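Enquirer: To start, I am sharing the structure in question, which I have written as structure tokens.
The values are calculated or read from the model by the stated rules, or taken from the named source; none is laboratory data. As the structure is a prediction and not an experimental result, all values here were calculated from the model. Cβ placement follows ideal geometry from the backbone for every residue including glycine, while neighbour counts extend to all protein chains displayed.
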């Protein structure tokens with residue numbers, strides 16, 4: 001059993017906690033106190049990095065009983081806190097952090113990022129963890145019998161309905177333009193699990209519902225991205241949102257769900273084709289999500305953007321996938337410079353398969369697409385396409401670095417300052433923009449609804 005004594009990480013972590021105990025809260029600290037804490041934290045984190053680089057596989061084997069247990073990332077970091085004091089924050093420390101605004105936290109999730117980077121970098125532990133994240137959630141398994149019987153489920157952020165072999169997943173945060181938070185991630189993973197595991201579903205569709213927010217009342221909107229108000233309030237976590245979203249339901253859209261009844265002999269997951277229909281806009285996380293679909297339909301007045309770099313964070317796995325779809329130059333323009341792409345632009349061909357007039361034509365295009373993707377050879381061919389497009393080892397290595405780099409970014413001083421400004425400016429004051437107005441005006445309208453753009 002590995003002990004935290006090489007060097008003595010346990011003692012260093014305890015010394016840092018003692019320093020925190022005698023230091024004022026973040027907002028009350030002097031520059032000298034901040035510098036002293038930062039220096040101490042950096043020293044401990046270097047030790048954690050070394051420890052994980054040297055012992056990741058040993059640690060993972062201990063936590064999972066030699067890789068015989070499937071632990072999702074939240075379960076894994078909890079188990080690590082119990083087994084290796086000082087390696088990752090405890091449940092009590094994280095609970096205390098969740099009561100604070102983002103700017104008032106101590107950045108303990110950075111230590112989770114160090115830990116998960118070490119696990120995911122391992123070619124032995126990393127694949128096992130990614131497979132564990134493809135298991136259906138307990139919530140979905142509990143709901144599965146009722147859903148297979150009724151074909152309907154209404155959750156806070158997502159509605160799910162099965163009709164004629166199609167799982168219609170509707171994003172229904174109508175008062176906030178489908179801005180993403182942890183509730184939305186939980187509901188989306190539940191919906192994806194149910195659609196995959198229901199034997200009567202042959203294809204899935206994701207579309208934004210009709211909005212009630214004054215700026216878009218009566219209109220469908222796909223997604224306004226991460227909810228920056230929730231981020232500022234400290235309600236967007238590294239494990240529960242930023243990593244679970246990517247390694248959970250979005251990965252399941254691409255790779256499928258592991259069957260609770262055991263793996264089929266010919267393929268390790270239950271997987272089905274997926275269609276996305278974009279009305280209004282797909283900002284940030286909405287655009288990221290499109291890169292995981294087999295077929296994307298867009299209204300002609302819709303636009304797409306990934307402005308996370310402007311907000312100071314990483315746009316999920318968009319950096320991994322966007323260049324494959326649009327080419328490296330366009331992906332840099334979108335991610336680094338904040339370029340918006342309208343559905344009618346030539347470069348939108350890398351993001352969408354069909355562009356149709358909004359309204360009834362969108363509905364008709366959706367029905368044609370879900371009918372086409374129910375062919376008997378579609379599932380097998382999408383498997384082979386996904387194998388060619390996204391090598392699982394490359395996916396794992398990206399996930400490892402993302403775990404740490406995103407943890408560092410969400411505690412960057414530039415991010416905290418920008419999120420605070422957006423929250424302060426979130427009261428709607430302008431009239432509803434039209435499709436003819438600039439993409440910037442529409443993005444500002446989405447932000448005013450309490451939505452985000454990462």
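Enquirer: Filter the range 338-349 down to residues that are in contact with a helix residue (DSSP H, G or I) (Cβ under 6 Å, 6 or more places away or on another chain) and buried (at least 19 other Cβ atoms within 10 Å of the Cβ), then give me how many there are.
Expert: Pass one, the range 338-349, residues in contact with a helix residue (DSSP H, G or I) (Cβ under 6 Å, 6 or more places away or on another chain): 338-341, 347.
After this cut, where a residue has to be buried (at least 19 other Cβ atoms within 10 Å of the Cβ) as well, the list is 340-341.
Number satisfying all stated conditions: 2.
Enquirer: Related question: Any chance you could count how many residues in the range 167-178 are surrounded by fewer than 22 Cβ atoms within 10 Å (Cβ to Cβ) and touching a residue at least 40 places away in the same chain (Cβ under 8 Å)?
Expert: Of the residues in the range 167-178, 1 are surrounded by fewer than 22 Cβ atoms within 10 Å (Cβ to Cβ) and touching a residue at least 40 places away in the same chain (Cβ under 8 Å).
Enquirer: Looking at (1) within 22 Å of residue 73 (Cα to Cα); (2) touching a residue at least 60 places away in the same chain (Cβ under 8 Å), which is the one condition that is false for residue 224?
Expert: The single condition residue 224 does not satisfy is (1).
Enquirer: Which of the residues belonging to the range 228-257 are more than 19 Å from residue 95 (Cβ to Cβ), surrounded by fewer than 23 Cβ atoms within 10 Å (Cβ to Cβ) and modelled with pLDDT under 95?
Expert: The answer is 229, and nothing else.
Enquirer: Would you say residue 284 is buried (at least 18 other Cβ atoms within 10 Å of the Cβ), on the phi > 0 side of the Ramachandran plot and in the same structural domain as residue 218 (by TED's automatic domain parsing)?
Expert: For residue 284, the condition - buried (at least 18 other Cβ atoms within 10 Å of the Cβ), on the phi > 0 side of the Ramachandran plot and in the same structural domain as residue 218 (by TED's automatic domain parsing) - is met.
Enquirer: Another question, then. Please enumerate the residues belonging to the range 64-87 that are within 22 Å of residue 137 (Cβ to Cβ) and surrounded by 17 or more Cβ atoms within 10 Å (Cβ to Cβ).
Expert: Scanning the range 64-87 gives 64, 67, 71, 72, 73, 76, 77, 78, 79, 80, 81.
Enquirer: Which of the following residues is touching a residue at least 40 places away in the same chain (Cβ under 8 Å) and assigned to a loop (DSSP other than H, G, I, E, B): 193, 235?
Expert: 235
Enquirer: List the helices (runs of 4 or more DSSP H) inside the range 258-349, counting only whole elements, that have at least 1 residues being within 30 Å of residue 200 (Cα to Cα) and either out of contact with any strand residue (DSSP E or B) (no Cβ under 6 Å at 6 or more places or on another chain) or at pLDDT below 95 (or both). Full working, then the answer.
Expert: Values: elements: 285-290, 308-311, 318-326, 328-337.
Those helices (runs of 4 or more DSSP H) span 285-290.
Enquirer: Also: Tell me yes or no: at least one residue of the range 145-161 is part of a helix (DSSP H, G or I), over 22 Å from residue 404 (Cβ atoms) and touching a residue at least 24 places away in the same chain (Cβ under 8 Å).
Expert: So far as the range 145-161 goes, yes, one or more of its residues are part of a helix (DSSP H, G or I), over 22 Å from residue 404 (Cβ atoms) and touching a residue at least 24 places away in the same chain (Cβ under 8 Å).
Enquirer: Here's another thing I want to ask about it. Over 18 Å from residue 13 (Cα atoms), under 24 Å from the mean Cα position of the chain (by Cα) and touching a residue at least 24 places away in the same chain (Cβ under 8 Å) - does that describe any residue in the range 75-85?
Expert: Within the range 75-85, one or more residues are over 18 Å from residue 13 (Cα atoms), under 24 Å from the mean Cα position of the chain (by Cα) and touching a residue at least 24 places away in the same chain (Cβ under 8 Å).
Enquirer: Answer yes or no as to whether residue 187 is out of contact with any helix residue (DSSP H, G or I) (no Cβ under 8 Å at 6 or more places or on another chain), assigned to a helix (DSSP H, G or I) and either in the same structural domain as residue 249 (by TED's automatic domain parsing) or touching a residue at least 40 places away in the same chain (Cβ under 8 Å) (or both).
Expert: yes
Enquirer: Does the range 350-373 hold any residues that are part of a helix (DSSP H, G or I) and closer than 21 Å to residue 218 by Cα, and which are they?
Expert: Those that are part of a helix (DSSP H, G or I) and closer than 21 Å to residue 218 by Cα: 360, 361, 362, 363, 364, 365, 366.
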